[in-house]
Amino acid sequence: MNARRIRNIIRKEWAVLSGDATTFLLIAFLPFLILAEGFVVVRVAAAAGGQAILDNAFFQGALSKLIAAQPAVAELPPLDRVGVLLVTQVNFFLLLIPTMIAIYSASYSIVEEKLSRSLEPLLATPVRTSELLLGKALAGAIPAFLMTWVCAGVYVLAVVISGWARLLPYVVTANWYLDFLLLAPGIAVLSFLLGVIGSSRAKDFRNAQNLVLFIVFPIFALIGVQITGVVWFTPLTTVLLAVGVFVVDAIVLRLAVRLFQRESIIIRWR
Amino acid sequence: MNVIEARSLTRRFDSTTAVEDVSFEVGEGEVLGFLGPNGAGKTTTIRMLAGIIAPTSGYATVAGQRTDGDVAALHEVIGLLTETPGFYEKLTARRNLEFYAGFYPHIDPAAQVEKYLKMMGLDERAGSRVATFSKGMKQRLALARALVHEPKVLFLDEPTAGLDPEAAHDFRELVRRLSHEGRTIFLSTHNLTEAEELCRRIAVVKTRLLALDTPENLRQGLFRRQVVVQLAALPAGMTEDVAKLPFVRSARADGTRLIVQLADAEHDRPELVRRIVELGGQVMSVSEEAHSLEDIYLSLVHEDTR
């Protein structure tokens, strides 16, 4: 793969994106909507159901997994333990950001080339299919995970402002950094690669969005596993998960290249 | 030296054969006209030669590269003007060209972009979005895109289709300039005047290759040379008498014109005039009947239909 050609695709995608107000606004504001929703849910749950959460068998299981991963949490007052549990869940909730952006913007990536008839001249250049698809995926994934980082920072700020500053040492842990620095880029690339596959197989924008939503569903499931507390990720499991996601990224890229049938795209799109 | 070689190129789409057993060569610096009706397989042939789609059978080489293998190297030496220009309409003309130029390692993209924007007369609109361009401007920009990496071989698919006469004329001038620069040009077109004006050889296709030669050789191969004798008046029985002459293959009257096909037009023409005068004809002028490229094209295509 040629890095210069991939960079060229990324720069073009960004130039097109900057001229598309709708997608630009979506990428800029959707993450904050997701963040606000997560924050409100956490505050309401903590305020209205703190004790009830402590009494609930399901959450007791999740709390015991949290304490197993972070023994220092056991030293906190009971309601603060609930606070740490709830605040920590939003970390994984924020990993939904790149996936949500991918459903919208990656759906357009190849369909747009088909509709504007720009794909054939592009395929007549020396660019390889793998470079084209990776370039398109990275062009979406990079701003998506940068937005995830921004939102993570804003979230920490919101936690401090709302009077939970004392919980930060239990929230912004090694795992927090691993989630955002390692897992978020891997999930962002995966979401966009899957989005590009959906786009390359779709007939139009609507069809692409439906297809992409269906394809990225397993990523929601992965995040849901953590949010529900069924599995509690330690730094080691997070690193392993991130490595696994990067391996899946590589496999999905190969799959995307195989599924990208340039002949049928060129011939059937008149 | 041949720059393009096609050997038994065939392409089927499900049960439809778009191109069948097409073989030809194009020499270095040659402009080859590729003529045929809609659905004749012109675009499919170009796509196979440009390595965009693979042949079902047969093969082709362009600038020494197989078109059905790893096409990245092939794409460094060819330029393709597609039937529909296809640009990123929200980007400027310059940004569009910079994007395509950015894929080629052996050029200075910025310098090449400026060179071709200027050559195509688009330098003053380089900062405008392509969406604001007329069809002719988009076509010139598409040619700039096909040329920005200085390809040895240029594939032009219906380059003047839909252009107004002035834009089409300007475009032909550009193609002529490129030809003089020594580039090999494969020109698919419906426009017979354009083909005759620009191309040394013409290929007529209709799924199969019906003919490939210079326009003059095609004319001679299809239509024997005919002599037109303009008479002051056509005497009775003159046509039949002329037809009986030993060196005459056929003769017919058209008003006061006598149209005669000779066994050897160069050698027998003076004798024909002498005999017509002897038969009482008053010869006003003698000329040769000309056949246009359109006659050749229609004859080939209709003959194939029959």
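The values are calculated or read from the model by the stated rules, or taken from the named source; none is laboratory data. Everything numeric here is computed off the predicted structure, so don't read it as measured data. A quick note on method: Cβ atoms are made from the backbone with ideal geometry, for glycine too, and the neighbour counts reach across all protein chains shown.
Looking across the range B:120-136, just one residue is part of a helix (DSSP H, G or I), in contact (Cβ under 8 Å) with a residue 40 or more places away in the chain and surrounded by 15 or more Cβ atoms within 10 Å (Cβ to Cβ), and that is B:VAL130.
From the list B:VAL22, B:VAL26, which residue is in contact with an Asp or Glu (Cβ under 9 Å, 6 or more places away or on another chain) and either under 26 Å from B:THR193 (Cβ atoms) or crowded, with 21+ Cβ neighbours inside 10 Å (or both)?
Values: B:VAL22 fails: in contact with an Asp or Glu (Cβ under 9 Å, 6 or more places away or on another chain).
It is B:VAL26.
Meeting the requirement of 3 or more residues that are away from chain B (no Cβ under 14 Å) and either modelled with pLDDT under 80 or surrounded by fewer than 18 Cβ atoms within 10 Å (Cβ to Cβ) (or both), the helices (runs of 4 or more DSSP H) wholly within the range A:1-92 are A:21-55, A:57-69. Only one of the listed residues (B:ARG201, B:ARG225) is at pLDDT 90 or above, farther than 20 Å from B:LYS115 by Cα and more than 14 Å from chain A (Cβ to nearest Cβ). That residue is B:ARG201.
Would you check if A:PRO169 is at pLDDT 80 or above, within 30 Å of A:PRO77 (Cβ to Cβ), of a type outside the set (A, V, I, L, M, F, W, C) and surrounded by 15 or more Cβ atoms within 10 Å (Cβ to Cβ)?
Numbers: at pLDDT 80 or above: yes; within 30 Å of A:PRO77 (Cβ to Cβ): yes; of a type outside the set (A, V, I, L, M, F, W, C): yes; surrounded by 15 or more Cβ atoms within 10 Å (Cβ to Cβ): no.
When the stated conditions are applied, A:PRO169 does not pass them.
I'd like the full set of residues that are within 7 Å of chain A (Cβ to nearest Cβ) and either β-branched (Val, Ile, Thr) or touching a His at 6+ places or on another chain (Cβ under 7 Å) (or both), limited to the range B:50-75. The answer is B:ILE52, B:ILE53. Within the range A:104-123, is even one residue surrounded by fewer than 21 Cβ atoms within 10 Å (Cβ to Cβ), more than 14 Å from every other protein chain (Cβ to nearest Cβ) and either assigned to a helix (DSSP H, G or I) or modelled with pLDDT of 90 or more (or both)? Yes: the range A:104-123 contains one or more residues that are surrounded by fewer than 21 Cβ atoms within 10 Å (Cβ to Cβ), more than 14 Å from every other protein chain (Cβ to nearest Cβ) and either assigned to a helix (DSSP H, G or I) or modelled with pLDDT of 90 or more (or both). A:ASN56: over 20 Å from A:CYS151 (Cβ atoms) and either within 23 Å of the chain's Cα centre (by Cα) or touching a residue at least 12 places away in the same chain (Cβ under 8 Å) (or both), yes or no? No. Evaluated against (1) over 18 Å from B:LEU80 (Cβ atoms); (2) modelled with pLDDT under 90, B:ALA161 falls short on exactly one condition, (1). Given A:LYS114, A:LYS136, which one is basic (Lys, Arg) and within 17 Å of the chain's Cα centre (by Cα)? Only one candidate passes the filter, namely A:LYS136. Kindly indicate the residue of the range B:79-95 that is more than 11 Å from B:ALA144 (Cβ to Cβ) and more than 7 Å from every other protein chain (Cβ to nearest Cβ) and also farthest from the chain's Cα centre (by Cα) among those meeting that condition. This residue is B:THR92.
Every condition in (1) out of contact with any Ser or Thr (no Cβ under 8 Å at 6 or more places or on another chain); (2) surrounded by fewer than 19 Cβ atoms within 10 Å (Cβ to Cβ) is met by B:ARG140 except one, and the failing one is (2).
Taken together, B:GLU216, B:GLU271, B:GLU266, B:GLU196 contain a single residue that is modelled with pLDDT of 85 or more and either acidic (Asp, Glu) or buried (at least 17 other Cβ atoms within 10 Å of the Cβ) (or both), which is B:GLU271.
Can we say B:VAL71 is without any contact (Cβ under 8 Å) to a residue 24 or more places away in the chain and of a type in the set (A, V, I, L, M)? Talk me through it step by step, then tell me what you get.
On the way: without any contact (Cβ under 8 Å) to a residue 24 or more places away in the chain: yes; of a type in the set (A, V, I, L, M): yes.
Considered against the rule, which asks whether it is without any contact (Cβ under 8 Å) to a residue 24 or more places away in the chain and of a type in the set (A, V, I, L, M), B:VAL71 comes out as yes.
Residues being touching a residue at least 60 places away in the same chain (Cβ under 8 Å), crowded, with 18+ Cβ neighbours inside 10 Å and more than 19 Å from A:TRP14 (Cα to Cα) are entirely absent from the range A:129-150. Just for the range A:212-236: of the residues that are at pLDDT 70 or above and closer than 18 Å to A:LEU63 by Cβ, which one is surrounded by the fewest Cβ atoms within 10 Å (Cβ to Cβ)? Once the filter is applied, the top-ranked residue is A:THR234.
Return the total of residues in the range B:55-76 being among the aliphatic types (A, V, I, L, M), surrounded by 20 or more Cβ atoms within 10 Å (Cβ to Cβ) and under 24 Å from the mean Cα position of the chain (by Cα). Quick ask: steps written out before the conclusion?
In the first step, residues of the range B:55-76 are kept if they are among the aliphatic types (A, V, I, L, M); the result is B:60, B:62-63, B:71-74.
After this cut, where a residue has to be surrounded by 20 or more Cβ atoms within 10 Å (Cβ to Cβ) as well, the list is B:60, B:62, B:71, B:74.
Keeping just the survivors that are under 24 Å from the mean Cα position of the chain (by Cα) gives B:60, B:62, B:74.
Residues that pass the stated criteria total 3.
Counting the residues of the range B:226-248 that are more than 14 Å from B:GLN282 (Cα to Cα) and loosely packed, with under 14 Cβ neighbours inside 10 Å gives 4.
Name the helices (runs of 4 or more DSSP H) wholly within the range B:166-254 that hold at least 2 residues that are in contact with a strand residue (DSSP E or B) (Cβ under 8 Å, 6 or more places away or on another chain) and under 24 Å from B:VAL3 (Cβ atoms)? Break it down stepwise before answering.
On the way: elements: B:192-198, B:215-222, B:238-243.
Once the helices (runs of 4 or more DSSP H) in the range B:166-254 are filtered for at least 2 residues that are in contact with a strand residue (DSSP E or B) (Cβ under 8 Å, 6 or more places away or on another chain) and under 24 Å from B:VAL3 (Cβ atoms), what remains is B:192-198, B:215-222.
Would you mind finding the one in B:ALA146, B:ALA101, B:ALA142, B:ALA131 that is under 20 Å from A:SER116 (Cα atoms), within 12 Å of chain A (Cβ to nearest Cβ) and touching a Gly at 6+ places or on another chain (Cβ under 6 Å)? Give the derivation first.
Details: B:ALA101 fails: touching a Gly at 6+ places or on another chain (Cβ under 6 Å); B:ALA142 fails: touching a Gly at 6+ places or on another chain (Cβ under 6 Å); B:ALA131 fails: touching a Gly at 6+ places or on another chain (Cβ under 6 Å).
Just one listed residue meets the conditions, B:ALA146.
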